[in-house]
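Have a look at the structure below before the remarks.
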Amino acid sequence: MFIPLLIISEHLFLEPYIIFSIYPESIVNFLLILILSIFAGIVISMNIFRIRQIKKTNKIGVSLFGTIIGASAGACSCGPVGFSIITTFGTAGGIATAFLDMYEIPLRIISIGILIVVFFTSLKSLKNECKIKS
Amino acid sequence: MVDKKKLIVAIVGIAIVSALGASFLLYIGQVDQMTQDIQDESEVLSVNLPPILGSTTALVTIIEMGDYQCEMCKRWYDNTRPAIIENFIDTGKANMFFIDYPILGPDSALAAEATYCADDQGKYWDYHVTLYDYQGHMNSGWANAERLKSFAFNLDLNMDEFDECLDSSKYDERVKLNWQKASAGGATSTPTFIIVNTETGNEEKIVGAQPYAVFEKAINSML
């Protein structure tokens, strides 16, 4: 997830040369992508573990929701992804990408917030459900 | 009896699909409008050749395909362009021109038209720079007709001439042609650059707001 987000946000370029760049104005954006990717990785792994161990979870949906919001925020309307959205969905796509672009940082913070809440609730439930009975 | 929940989901689904369909048709209409009724290409080009930044005899030409509302174009403008101007344009090694690819809405096309109105008074690049300096959020009104006229006023342009040019959509065809050219040139996002060696015809495409090092390497490989 981290690599595709870096490519979408134009921090990582694969052509004509592989190059990584962070401009001063995009440091916050990069840090949020990093935090989001770490939390998404932890939370989704925890929930997959939970599904495999106890065959039930009600938090995977929430964690996916948080991840999708954070990942789609900042899908720059003029980048290849935004361009595809605009050409596929037309005016609605334009409005959606403009919204995601304009509120990129707040949306990423909200999604990180969601993932943090899911992380702690998953941690708590895993502690209770996986407790070894003595 | 049909489950009430399923019925609601189906209605919402149909509404979303209909809205997306209508929006797609609207967009196709806009694209058609942008690309139809182009007069004879040479006739349009004779109205206004693309203003070139730098020496006309430079060995390398940098073609930028961009949108004045594009955030990444501004990122490139702020971070990479100054070094290119200093090291390649000002030294006569390369020149540059801009092809409008106004994909982000009606204000993008209007802003592009305004640059040609400024060019009538010899201030194309000043106006180009002003637009990127004052770029706001996409379609937030920062590039509406009123703001575009105020930018012209700040550049000491003759306002009667500029207003007449912008209000009459004098360069509407020119911008449509640029859209077609950029699209035919394989641009699928902005900014897209093509670096061309004018002697050998070799070219390299660079997509996105890439850092100076990439441009330096590409241009030097053609000198």
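List the residues of segment B:91-108 that lose 10 Å² or more of accessible area once all protein chains are present, compared with their chain alone (1.4 Å probe, heavy atoms only, no ligands or nucleic acids). So the qualifying set is B:Tyr101, B:Ile103, B:Leu104. Summary of packing: across the peptides A:44-50, B:174-180, the per-residue average of other C-beta atoms within 10 Å ranks them, highest first, as B:174-180, A:44-50. If you take the accessible area of B alone, add that of A alone, and subtract the area of the pair, what total do you get in Å², probe 1.4 Å, to the nearest 100? Looking at B and A, the buried total is near 2700 Å². A simple charge model with +1 on the Cβ of Lys and Arg, -1 on the Cβ of Asp and Glu and nothing else charged puts the dipole of segment A:2-127 at about 1080 debye relative to its Cα centre. Heavy-atom accessible surface of segment A:2-127, averaged per residue, reaches 49 Å², computed with a 1.4 Å probe. Per-residue shielding of B:71-77, expressed as the average number of other chain Cβ atoms within 10 Å of the residue Cβ, stands at 4. The portion of the accessible surface of segment A:2-127 made up by carbon and sulfur, rounded to a whole percent, is 78 (1.4 Å probe; DNA, RNA and ligands excluded).
Relative contact order of segment A:2-127, taken over Cα pairs closer than 8 Å and 6 or more residues apart, is 28 percent. What whole-number distance in Å separates the alpha-carbon centres of segment B:123-162 and segment B:65-115? About 14 Å separates the Cα centre of segment B:123-162 from the one of segment B:65-115. One-quarter of the Cα convex hull surface for segment A:2-127, in nm²? So the mean shadow area of the Cα hull is 8.9 nm². Taken over segment B:67-223, the percentage of Cα pairs per 10 Å bin, counting from 0 up to the bin with the maximum distance, is 10, 38, 36, 14, 1.
Let me check I've understood the local charge: for B:Thr190, count other residues with C-beta under 12 angstrom from its C-beta, Lys and Arg +1, Asp and Glu -1. What total comes out? For residues surrounding B:Thr190, the net value is -3.
Other protein chain C-beta atoms within 10 Å of residue C-beta, averaged over B:208-214: 6. Taking the accessible area of segment B:43-169, probe 1.4 Å, and keeping the other protein chains in place, the carbon and sulfur fraction comes to 49%.
The values are calculated or read from the model by the stated rules, or taken from the named source; none is laboratory data. Computed from a predicted structure; not experimentally measured. Please note: Cβ atoms are built from the backbone with ideal geometry, for glycine as well, and neighbour counts cover all protein chains shown. For the accessible areas, the whole protein counts, side chains as well, though only heavy atoms, and no ligand, DNA or RNA atoms are used. Shrake-Rupley method; radii C 1.70, N 1.55, O 1.52, S 1.80 Å.
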